[in-house]
Amino acid sequence: MNSPSPRKAFSSRSITRWIAISALSLCACGGGEAQLDKARWLLDRGQLDEAEEALAGLSGAPFERVVAEIERAREERAGFEAELARLSELQPREELKALRDLQAEVEGAHQIEQLEQAISSAADRAAEEGGRSRVANRAQPVERQSRDRQRLLVEEKASQVHSAASIDLVEAGEGEEGAAPSEPAPGDQTTVESVEELVIESLPAEEVGSALAIDAEIGSEVDAPSETDPAADQVQEERAEAELLELLNKQELLLCRASEARRDEVWESLIEHGELSQPHLKRALDVRWNSAARSLATGQSLKSLERVAQRRLELDHRREEALALIFNEEEYFYPYQPPDCPADKSRLYWPVQRRVEKLVEQLREVWERPREAKISRKFHQDLAELDWCKERARSQGHSLPASEELPSWLFLVNPEVRSLDSNNFAWDASEARLLANNAAVTEYNSAQWAKEVQKDLTEEQRADSEEKRQVEITNDYRRMFGRPALAWNFLLQASSAGHSDYMARTGEFGHYEKGNPDRESPFDRMQLVGYNYGISENCHLGGGSAQGAHEGWCKSSGHHRNLLMAGHSEMGSARNSRYWTQNFGTGQNFQNDIESWQD
């Protein structure tokens, strides 16, 4: 017999996953997968001729795709080199600005390297030209100023020497009668240079050093840039920018190639440059992402997992067919036995029951023969690399390249597993949580049944070995249908045990007890033991084994639906002699118990 009719809890899953998985297969005609991998590796590094040579002797769609990629890469390279040649004809500063603008659009590693070289060369030419222009503009006035200052100094000193010489001559003339002052001989010329020599010879040593120091200072002004000269400051800024850009490019290249052990260190050193580092971080992440994605897409582990996904699709399809009929309350009706059901309608029930059993058996065939995939260590490393890139991209607000070759379910593969079968395969995050919860509930139930946990429970609250087995059978059945496993609850165990005892003692088989209003309905009995989330009950009279009770419930539409209700979360199952009782509830307190138990 069955408790009040449960709510309909089945909804169909979209079959479009068949289409998604069918698009994932990668194969090369003629068994040239290694050659294709090598060609793609060379293509990523810009070695186009070598990539083309690696494809020799191959045919088929994958081969044609790689050939097309090589041709596109050649066209892009030719266009890129033509653009660099055009920019080289500009003035150095204009070329440098244009190259920096182009930098934000470049993604390929070989293009980045070419662009870095062009930027460094243009920066050097711009700095050199700026220095030459500045010196040339300032050289003439500075030189004139130097000559004027030298001339004034020489004239001043010459005047002093001339005065001294005149005094000497006067004194000498006064000493010799009739002697005339000395006159320059005809043709004798006094030049600035001769006077300068005379002056220098007549100066004290310290004054000579001072004059030479003045000349040196004047000469240095022609060669050394002024600290306050705007042109010099601009040249220095441009050179500093070029040096910083070269440093950022080197760090970007390091990040592209850094090992798993060093990638965080290089990332932190690059991110210290703030906003300037953003395009470099983006390009490096794209390179690492594409490399790991290509490695995953061409690896054997993904191919094996795609076959597992195909089997999971078949499992989903059979689940949907069986659940659709089991939860069809019009076709798989309840009650189905007279006098509660008319005899003519009752006869229609058993053909439907046989169809249900056939669909369940077809589902069991797939469930009990799951397809398994072995997962390599390299697969997990590549997957961890993708997760690292996703986390870093999210922290910087970057978007990563779309990888059509990688299915979304790939990121749900547990990094600790070395094999995965179709029964433990998850399409999305909710299914992954369901699988994890099922495993936790199974362990939780075992812990609840342990003696050290049970020592404070009453006899009715404890489950014997066959009753525990009955809970396990129910959960195995639910997992096969993709339903959540049920947590064993000692209060539901007590309410189930009390009703089985009543039926064995009185011989009254059914859901309602007589003589005690507090225990009349299943919900009364569940509340009486302190459980307030009761929702349904199954009763069985027949074989005493746990498996026998389960098979009896699977032949009754109402009981069958109770076994598979998606909203159930807890249960207890108890027997007395040939009488079995199952109580189901929707409580969630066990989730907190699981967390504390796991801790």
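The values are calculated or read from the model by the stated rules, or taken from the named source; none is laboratory data. It should be emphasised that the depicted structure is a prediction, and the values quoted were computed from it without experimental measurement. No Cβ is skipped: glycine too gets one built from the backbone with ideal geometry, and neighbour counts run over all protein chains shown. Surface accessibility is based on the protein's heavy atoms, side chains included, excluding ligands, DNA and RNA. Shrake-Rupley method; radii C 1.70, N 1.55, O 1.52, S 1.80 Å.
Annotations
- With a threshold of 29 Å on the Cα-Cα distance, the over-threshold entries among Lys455/Lys514; Lys303/Lys358; Lys97/Lys282 are Lys455/Lys514; Lys303/Lys358.
- For the stretch 372-427, accessible area per residue (1.4 Å probe, heavy atoms of protein chains only), Å²: 53
- Rg and Dmax of the stretch 445-509, both derived from C-alpha coordinates alone, stand at 13.3, 38 Å.
- Percent of Cα pairs exceeding the 12 Å cut-off, where the set is the stretch 549-599: 71
- Here the gap between Ala504 and Glu551, fully extended at 0.36 nm per residue and compared with their Cα-Cα distance, gives a gain of 14.9 nm.
- Around the amide H of Ser536, modelled in the peptide plane, lie the amide H atoms of Phe584, all under 5 Å away and 5 or more residues distant in sequence or on another chain.
- Reduced Cα scattering model of the stretch 308-405, Debye log10 I(q)/I(0), q = 0.13 Å⁻¹: -0.70
- The mean accessible area for residues of the stretch 535-588, using a 1.4 Å probe and ignoring ligands and nucleic acids, is 25 Å² per residue.
- Part-to-part distance (alpha-carbon centres) for the stretch 425-468 and the stretch 269-291, which is given in Å: 47
- Paramagnetic reach from Leu244 (point 7 Å along Cα→Cβ, amide N under 18 Å) across the stretch 69-101: 96-101
- Fraction of accessible area attributable to carbon and sulfur, the stretch 286-400 (%, probe 1.4 Å): 46
- Here the 3J(HN,Hα) profile of the stretch 320-329, calculated from phi with Karplus coefficients 6.51, -1.76 and 1.60 at θ = phi - 60°, is 4, 4, 5, 5, 4, 6, 4, 9, 8, 6 Hz, Gly and Pro shown as x.
- Efficiency of FRET between Gln236 and Glu89 - r from beta-carbon atoms, R0 30 angstrom, step 0.05: 0.70
- Karplus-derived HN-Hα couplings along the stretch 431-443 (A = 6.51, B = -1.76, C = 1.60, θ = phi - 60°), whole Hz, x at Gly and Pro: 5, 4, 5, 4, 4, 5, 5, 4, 5, 5, 5, 4, 5
- Long-range amide H partners of Ala487 with built H, under 5 Å: Glu570, Met571
- Per residue, the stretch 236-284 exposes 59 Å² of accessible surface when a 1.4 Å probe is rolled over the protein heavy atoms with every protein chain present.
- Separation in nanometres of the label points that stand 7 Å from Cα toward Cβ, at Ala82 and Val67: 2.4
- Heavy-atom accessible surface of the stretch 545-588: percent carbon and sulfur, 1.4 Å: 45
- ³J(HN,Hα), Karplus 6.51/-1.76/1.60, whole Hz, each residue of the stretch 333-344, x for Gly, Pro: 7, 8, x, 10, 10, x, x, 5, 10, x, 4, 5
- Computed FRET value (nearest 0.05) for Arg469 with Glu405, which takes r as the C-beta separation and R₀ as 51 Å: 0.65
- Cα centroid of the stretch 300-319 to Cα centroid of the stretch 533-599, whole Å: 31
- Segment Asp101-Ala450, length gained on full extension (0.36 nm per residue, minus Cα span): 118.7 nm
- For the stretch 486-593, the relative contact order works out to 38 percent when only alpha carbon pairs closer than 8 Å and six or more residues apart are counted.
- Sequence-distant residues sharing a close amide H with Ser376 (under 5 Å, placed H): Ser301
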